[in-house]
Amino acid sequence: DGRFRATWNVFLAFFICYCGVSVPMEIAFDTDMSLAMCGSTLRENCPEYMLWFWANVMVDVWFMVDIFVNFRTGFIKDGHFINDDCAAAHEYLKGSFVVDVLGTIPFNLIIMATTPDNPYGNIIVEEEGGEEGGGTALRMNRMIRLIRMAKLLKLFRMAKLVKYMANFEEFFNPAVIRMLQLAIGMIL
């Protein structure tokens, strides 16, 4: 119930909402976003796309740090506050650890590492089976799209959103928070 943890959870709630909107948009409209932001499918020369890309990386880093914070966060059991680090880690491993790890996998960085000749996932438009290797580039582009579909795992964090919304009461009027929870629940 500390001020640090309450502030941390408020930022987590904002980042979870951000992922709830940005991840489906990125998966569904990847090519259209590149064209709208950059005017082409070459992304590394486009400051708008690079800002989007590195903002997503920073959100992933925030969620990675959250895993370590959760290992050290005490919990309440049978009405008593447990502040033992080993017990807190054990409780976290039994609880939402798997969901947090699955939702934190940095797929953007994995794509960068696996395709060094195309680190930002520029859209490669080639006819399948044309010259030598023409079909390979198209298949690689499709495989990268399948990896992007795995980003949907980040949406598992949405289940934790209600838990984090309780921390907003420290900063805002509780009646406003209840209205926000209702509105967000209806939208999601």
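The values are calculated or read from the model by the stated rules, or taken from the named source; none is laboratory data. What you see is a predicted model, and the numbers here were worked out from it, not measured in a lab. Quick reminder, even Gly has a Cβ in these numbers, built from the backbone with ideal geometry, and neighbours come from all protein chains shown. Note: areas computed on protein heavy atoms with side chains; ligands, DNA, RNA excluded. Shrake-Rupley method; radii C 1.70, N 1.55, O 1.52, S 1.80 Å.
For the reader, a short list of remarks on this structure follows.
- Candidates in the range 28-83 are the residues that are in a strand (DSSP E or B) and loosely packed, with under 12 Cβ neighbours inside 10 Å; of these, the one that is modelled with the lowest pLDDT is Ile76.
- Any hit, the range 41-54, residues being without any contact (Cβ under 8 Å) to a residue 12 or more places away in the chain and charged (D, E, K, R): yes
- In the range 100-119, the residues that are part of a helix (DSSP H, G or I) and either surrounded by fewer than 16 Cβ atoms within 10 Å (Cβ to Cβ) or small (Gly, Ala, Ser) (or both): Val101, Leu102, Gly103, Leu109, Ile110, Ala113, Thr114
- Of all residues making up the range 17-27, the number that are under 12 Å from the mean Cα position of the chain (by Cα) and either polar (S, T, N, Q) or open to solvent by 60 Å² or more (accessible area, probe 1.4 Å) (or both): 3
- The residues listed here are Ala89, Ala55; of these, the one that is farther than 29 Å from Gln181 by Cβ and not acidic (Asp, Glu) is Ala89.
- Candidate set from the range 53-90 (those that are of a type in the set (Phe, Trp, Tyr) and touching a strand residue (DSSP E or B) at 6+ places or on another chain (Cβ under 9 Å)); member that is farthest from Lys154 (Cα to Cα): Phe81
- From Glu126, Glu131, residue being at pLDDT below 80, more than 29 Å from Val23 (Cβ to Cβ) and in a loop (DSSP other than H, G, I, E, B): Glu131
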